[in-house]
Amino acid sequence: RGAFSLFANQRWGARVVAYEPSPRNYGRLQTIRSEAITTINKAVGADIGWTGIDYHEDPSMDQITTNGTYTGVTVVTLDGQFPTKTIDYLKIDTEGYDLAVLHGAADLLETRRIGLVQAEVGLNPENHWHIPMECIKTYLESFGYRLFAIGETAMEWPTGQPFMRRADLVFISPRLID
């Protein structure tokens, strides 16, 4: 947790705002020492409010939930957190909550104030953990964003079947295309 934040800061001198709703992952994120990295123990979603975290054996798999055993957490929107600012690179890795994060950034997307958006997407109908690629792609394309790069991919490891499970897709803003 926080490896990309540290990399972006060290490699490009990026100012990073890292949201982590899971208290046990947030504790790890706080060990990163940099004045340019701000850590916030909140979830980012479509609407301001309160939700839960469903804990898993592997902390990297903790996810936002509305049922099950969980710890409550405050939810903010990116539009509310950045009403006038520009985000150069938005990395979303929320274990199936990525589309909700984007819905909460509709004004940022509409005004082209996010340069690049990275989201983790599902690549097959058996993957019920991640949002299907088609949903993320359709939503971002409605704001003029276009697929820019395909990052990390993973095979269907839970079932051992020989096809892709997920990928990190990066979309570019029309502002950077024009």
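Answer yes or no as to whether ASP58 is open to solvent by 50 Å² or more (accessible area, probe 1.4 Å), of a type in the set (D, E, K, R) and modelled with pLDDT of 90 or more.
The answer is no for ASP58.
From the set of residues in region 135-178 that are among the hydroxyl-bearing types (Ser, Thr, Tyr) and surrounded by fewer than 14 Cβ atoms within 10 Å (Cβ to Cβ), which is nearest to ALA106 (Cα to Cα)?
At the first step, the residues of region 135-178 found to be among the hydroxyl-bearing types (Ser, Thr, Tyr) are 138-139, 142, 145, 153, 159, 173.
Now restrict to residues that are surrounded by fewer than 14 Cβ atoms within 10 Å (Cβ to Cβ): 138, 142, 153, 159.
Values: THR138: 13, SER142: 10, THR153: 27, THR159: 35 Å.
Among those residues, the one meeting the criterion is SER142.
Among the residues of region 118-134, what is the count of those that are open to solvent by 20 Å² or more (accessible area, probe 1.4 Å) and hydrophobic (A, V, I, L, M, F, W, C)?
4
Cβ-Cβ under 6 Å, sequence separation 6+ or interchain: first residue in region 143-157 and on the phi < 0 side of the Ramachandran plot and of a type in the set (Phe, Trp, Tyr), partner surrounded by 16 or more Cβ atoms within 10 Å (Cβ to Cβ) and not in a loop (DSSP other than H, G, I, E, B). Which pairs?
PHE143/LEU109; TYR145/PHE171; PHE148/VAL170; PHE148/PHE171; PHE148/ILE172
List the pairs whose first member sits in region 107-125 and is under 30 Å from TRP157 (Cβ atoms), whose second member is among the small types (Gly, Ala, Ser) and outside any strand (DSSP E or B), and whose Cβ atoms are under 9 Å apart, counting only residues at least 6 apart or on separate chains?
LEU116/SER173; VAL117/ALA105; VAL117/SER173; GLU120/GLY96; GLY122/GLY96
Given the criteria part of a helix (DSSP H, G or I), under 15 Å from the mean Cα position of the chain (by Cα) and small (Gly, Ala, Ser), does ALA119 qualify?
no
Would you confirm whether or not region 82-93 contains a residue that is over 22 Å from LEU176 (Cα atoms), among the charged types (D, E, K, R) and open to solvent by 10 Å² or more (accessible area, probe 1.4 Å)?
yes
The values are calculated or read from the model by the stated rules, or taken from the named source; none is laboratory data. The structure presented is a predicted model; accordingly, all values stated were derived computationally and were not measured. All Cβ positions, even for glycine, are placed from backbone atoms using ideal geometry, and neighbour counts span all protein chains on display. The accessibility values were calculated without ligands, DNA or RNA, using every heavy atom of the protein model including side chains. Shrake-Rupley method; radii C 1.70, N 1.55, O 1.52, S 1.80 Å.
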